[in-house]
1. What do you reckon, is Val398 modelled with pLDDT of 95 or more, within 27 Å of the chain's Cα centre (by Cα) and closer than 28 Å to Leu202 by Cα?
2. Pull up segment 226-256, narrow it to residues that are open to solvent by 60 Å² or more (accessible area, probe 1.4 Å) and within 21 Å of Ala186 (Cβ to Cβ), then point me to the one that is farthest from the chain's Cα centre (by Cα).
3. Tally the residues that are assigned to a helix (DSSP H, G or I) and free of Cβ contacts under 8 Å to residues at least 12 places away in the same chain, restricting the search to segment 119-149.
4. Looking at (1) surrounded by 20 or more Cβ atoms within 10 Å (Cβ to Cβ); (2) over 26 Å from Gln266 (Cα atoms); (3) not β-branched (Val, Ile, Thr), find the lone condition where Leu347 falls short.
5. Exactly one condition in (1) without any contact (Cβ under 8 Å) to a residue 60 or more places away in the chain; (2) assigned to a helix (DSSP H, G or I); (3) farther than 30 Å from Ile252 by Cβ; (4) touching a helix residue (DSSP H, G or I) at 6+ places or on another chain (Cβ under 9 Å) is not met by Asn302; state its number.
6. Report whether or not Arg77 is within 20 Å of Ala145 (Cα to Cα) and open to solvent by 60 Å² or more (accessible area, probe 1.4 Å).
7. Of Asp419, Asp426, which residue is farther than 23 Å from Ile337 by Cβ and surrounded by 14 or more Cβ atoms within 10 Å (Cβ to Cβ)?
8. If we scan segment 270-284, do we find a residue that is at pLDDT below 95, open to solvent by 20 Å² or more (accessible area, probe 1.4 Å), within 25 Å of Leu182 (Cβ to Cβ) and not aromatic (Phe, Trp, Tyr)?
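The values are calculated or read from the model by the stated rules, or taken from the named source; none is laboratory data. Since this is a predicted model, take the numbers as computed values, not measurements. Glycine gets a Cβ as well: all are built from the backbone with ideal geometry, and neighbour counts include every protein chain shown. To get the accessible areas, we keep the full protein, side chains included, count just its heavy atoms, and leave off ligands, DNA and RNA. Shrake-Rupley method; radii C 1.70, N 1.55, O 1.52, S 1.80 Å.
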Amino acid sequence: MNHTKGLKIVTIGGGSSYTPELMNGLITRYDRLPVREIWLVDVKEGEEKLKIVGAMAQRMWDKSGHDVKVHLTLDRREALPGADFVTTQFRVGLLNARIKDERISFSHGMLGQETNGAGGIFKAFRTIPVILDIVKDMKELCPDAWLINFTNPSGMVTESIIRFGHWNRTIGLCNVPINAMLNEPAMIDKKPEELVYKFGGLDHFHWHRVFDLEGNEVTDQIIEKMAEGKKDTGVPANIKDLPIYTDQLKNIGMLPCGYHRYYYRQADMYEHGLNEYKTIGTRAQQVQEVESQLFELYKDPNLAEMPELLKKRGGAHYSDVACEAICSIYNNANEHIVCSTLNNGALPDLPPEAVVQVSSFIGAAGARPAAFGPLKPAERGWLQVMWNMQQLVEDAAVTGDYGTALQAFAINPLIPSGDNARACLDEMLVANEKYLPNFAKKIKELKEQGVTITDPVVRDLYEKGL
């Protein structure tokens, strides 16, 4: 990394609606992060969006007064040479793939969600082979670069980068922890800088504890405020904020992340999602509408700043955590950032080689995880089941082995096991045929056996080759 020449940053999935927030984060940190050039990379299907968001990104930099050139390309090998940081925020199959995941799940009587349950498994199946190809290119073209992964399911993707790609210069990020750290303090009349946070668990499945500046734990004070009916302000915009039972929270003694509602309130969250599936459409269908509105805004040649509507997309504060991680590595700042990284003893209930999401101190050598300590029986059980489920998902994504995929479905807490789960797996494999080359042999067998797509919206997408 050349500290005199300025930084080259490459973003895979650069046509994302999140890109303006990333640009905003880099612009506001320019005094600590002297960017020289930015490359936004996307695939042919995303070319139109790449051009729209790329033009807006350049307007943002021009308005900032900093001499930074934004390059656009559909060929990542053109972008990668000499990169200092590579950020990933791509979605294989675009939002249509997420619609398939959610709708097929609900049609089989189980929760449809982007990174949990069957949806999370299939997002990993589509994504992991692609991220490993990216790593292969990075080893050849920018071997000293850091890979900052924001692509979901972030924990499994990051673990695969290390486990199968053998690339340790990587950090996995998520906006859920920073949402809690920015929004929770007001519940007990504090400012964010007046509290200290400790996180431990897995991506989208972590817990946290909170302390004041004298070292006194104040987690129970936040739990009491929730018991009084105060909204859990750390819940992302894309999750229905059903309260977690107070007696359960007090027993846990920690604050669960927003995604725990899918496990602690599974039946209720299923009913909420099922109602949307039958009426206004699943979350992905709703997000498609927000994205459509966003890109209409981005087309405005006079728009040179991040629009307020972006906050409805569900990824608020993405730039804060991504840009702070880059900044902390570049400046060896050793900032406290919650990230997915090698466990190395931070959570003794999992092996050292597990990738966990924990409070870490990030500097030039990457993330140094802070010790979180052992969990109580219920949380330890959840954690170990979820991590082992993720191992199966990662193995299946790489090998295309159907039995391993079926095992991942069987152990996942959000998937009722049995014939219905197998039917859901089979239908999702066929519906995602275009993006699952590792499963090609099995998908061919399933189609010969007569497996068809029953959801009409999904069938229409499949027949259109989407």
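1. Working: modelled with pLDDT of 95 or more: yes; within 27 Å of the chain's Cα centre (by Cα): yes; closer than 28 Å to Leu202 by Cα: yes.
Here the answer is yes, as Val398 does meet what is asked.
2. Among residues in segment 226-256 that are open to solvent by 60 Å² or more (accessible area, probe 1.4 Å) and within 21 Å of Ala186 (Cβ to Cβ), the one farthest from the chain's Cα centre (by Cα) is Glu228.
3. Step one: list which residues in segment 119-149 are assigned to a helix (DSSP H, G or I), which gives 119-141.
Retained after the next criterion (residues that are free of Cβ contacts under 8 Å to residues at least 12 places away in the same chain): 133, 140.
Residues that pass the stated criteria total 2.
4. Going through (1) surrounded by 20 or more Cβ atoms within 10 Å (Cβ to Cβ); (2) over 26 Å from Gln266 (Cα atoms); (3) not β-branched (Val, Ile, Thr) one by one, Leu347 breaks only (2).
5. It is condition (2) that Asn302 fails.
6. On the way: within 20 Å of Ala145 (Cα to Cα): yes; open to solvent by 60 Å² or more (accessible area, probe 1.4 Å): yes.
Taking the combined requirement at face value, the residue satisfies it.
7. Testing whether each residue is farther than 23 Å from Ile337 by Cβ and surrounded by 14 or more Cβ atoms within 10 Å (Cβ to Cβ) leaves just Asp426.
8. Yes: one or more hits.
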